[in-house]
Amino acid sequence: MSAGPRPRRSALYMPGSNARALEKARGLDADVLLFDLEDSVAPAAKQAARGLVTAALGQGGYGERELIVRVNGNDTEWGEDDIAAAAAGGADGILLPKVEDGETVRAAVRRLEAAGAPPALAVWCMMETPGAMLRAAEIAAASPRLGALVMGTTDLTEALGGRATPDRLAVLPSLGLCLLAARAHGLAALDGVHMDLSDDAGFKAACQQGRDLGFDGKTLIHPKTLAIANQIFAPQPDDLEFARRVIRAHGDAEAKGAGVTLLDGKLIEALHVTEAERLLALAAAIAERGKAVP
């Protein structure tokens with residue numbers, strides 16, 4: 001849904017029923033704010049939370065952050081009204097929970113369009129069940145409005161009967177399946193939350209693992225984790241310098257009529273130039289977004 005790379009290093013869940021948190025979010029250094037109407041909101045508070053989120057979006061003041069509303073599911077009594085409110089409320093997109101097939105996405109899109117959602121409003125999908133893993137490619141191809149797949153590793157681990165170990169062994173196959181589906185269809189991919197807020201070392205290791213696997217960023221449950229996620233998922237200075245050298249070296253080779261060249265003993269061809277250009281564009285977008293943080 002975006003014309004160029006958009007920073008999604010950190011995606012912070014904000015409880016939709018907490019007016020103070022919604023206000024505080026305007027000053028947080030998060031790339032994405034996930035206004036949650038689902039898991040973090042009790043049934044009795046659902047309608048009030050929808051009103052608070054709609055009012056916060058209408059008031060604005062969130063700068064260049066990407067604003068996504070996690071709605072309740074299509075099969076709940078709140079889902080349709082959540083989608084209608086998000087369609088007209090100034091959000092950049094909605095996050096659908098517990099998506100298990102392409103029809104779930106298409107049904108949400110039909111509701112969005114019936115409510116007058118602008119063409120650029122994206123649909124993101126929570127991938128948090130075994131069924132979602134088995135149908136990841138179907139989900140990723142379900143609609144042109146699709147913008148991202150978001151891992152729900154906590155629910156997924158429980159559904160698998162696995163254990164939450166530091167190496168995240170239980171969910172590694174699922175992370176790979178969703179990454180493959182996202183990349184095959186040009187979507188962003190966000191890693192799941194780290195639930196232990198007292199485990200700074202474990203959180204940092206999980207971020208590094210997610211980055212090494214290929215995720216664009218990590219979903220978060222507390223502002224104190226923003227700095228680490230932003231640092232790890234950003235292009236590193238050495239990577240940017242190498243990217244510039246790749247572009248120069250390939251340009252020099254092309255000027256001599258060659259399609260490939262060697263740089264530091266590594267074969268460089270057009271696909272490496274594409275990745276180098278993406279990294280530099282992402283770094284520029286991060287720098288630009290940083291200027292807009294209040």
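If we keep just the residues of region 108-151 that are part of a helix (DSSP H, G or I) and among the β-branched types (Val, Ile, Thr), which is nearest to the chain's Cα centre (by Cα)? Here the answer is Ile139. Out of curiosity, is Leu67 assigned to a helix (DSSP H, G or I) and under 23 Å from Gly217 (Cβ atoms)? The answer is no for Leu67.
Within region 260-289, the set of residues being part of a helix (DSSP H, G or I) and without any contact (Cβ under 8 Å) to a residue 40 or more places away in the chain comprises Ala270, Leu271, His272, Val273, Thr274, Glu275, Ala276, Glu277, Ala284, Ala287. Scanning region 83-134 for residues that are of a type in the set (A, V, I, L, M) and under 22 Å from Leu177 (Cβ atoms) turns up Leu95, Leu96, Val99, Val105, Ala108, Ala122, Val123, Met126, Met127, Ala132, Met133, Leu134. Among the candidates Gly152, Gly210, the residue that is modelled with pLDDT of 95 or more, crowded, with 21+ Cβ neighbours inside 10 Å and closer than 26 Å to Arg111 by Cβ is uniquely Gly152.
When region 186-205 is examined, which residues are found to be in contact (Cβ under 8 Å) with a residue 40 or more places away in the chain, outside any loop (DSSP other than H, G, I, E, B) and not charged (D, E, K, R)?
Residues satisfying the conditions are Ala188, Ala189, Leu190.
Of all residues in region 70-89, at least one satisfies being under 27 Å from Gly131 (Cβ atoms), among the hydroxyl-bearing types (Ser, Thr, Tyr) and over 22 Å from the mean Cα position of the chain (by Cα).
Here is a yes/no grid of residues against (1) out of contact with any Pro (no Cβ under 9 Å at 6 or more places or on another chain); (2) outside the structural domain of Gly61 (by TED's automatic domain parsing):
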| position | (1), (2) |
| --- | --- |
| His222 | yes, no |
| His250 | yes, yes |
| Glu269 | yes, yes |
| Ala276 | yes, yes |
| Ala283 | no, yes |
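Of the residues making up region 214-224, just one is part of a helix (DSSP H, G or I) and either touching a residue at least 40 places away in the same chain (Cβ under 8 Å) or at positive phi (or both), namely Pro223. Suppose the filter is part of a helix (DSSP H, G or I) and either out of contact with any helix residue (DSSP H, G or I) (no Cβ under 9 Å at 6 or more places or on another chain) or within 30 Å of Asp167 (Cα to Cα) (or both); does Gly257 pass it? So Gly257 fails the test.
All of (1) part of a helix (DSSP H, G or I); (2) of a type outside the set (A, V, I, L, M, F, W, C); (3) more than 16 Å from the chain's Cα centre (by Cα); (4) assigned by TED's automatic domain parsing to the domain that holds Gly131 hold for Arg163 with one exception: (1). Taking the conditions (1) farther than 22 Å from Leu28 by Cα; (2) more than 16 Å from the chain's Cα centre (by Cα) in turn, Ala283 satisfies each one other than (1).
The values are calculated or read from the model by the stated rules, or taken from the named source; none is laboratory data. For clarity, every value in this text was computed on a predicted model and none was experimentally measured. Counting neighbours? That spans all protein chains shown, and the Cβs are built from the backbone with ideal geometry, glycine included.
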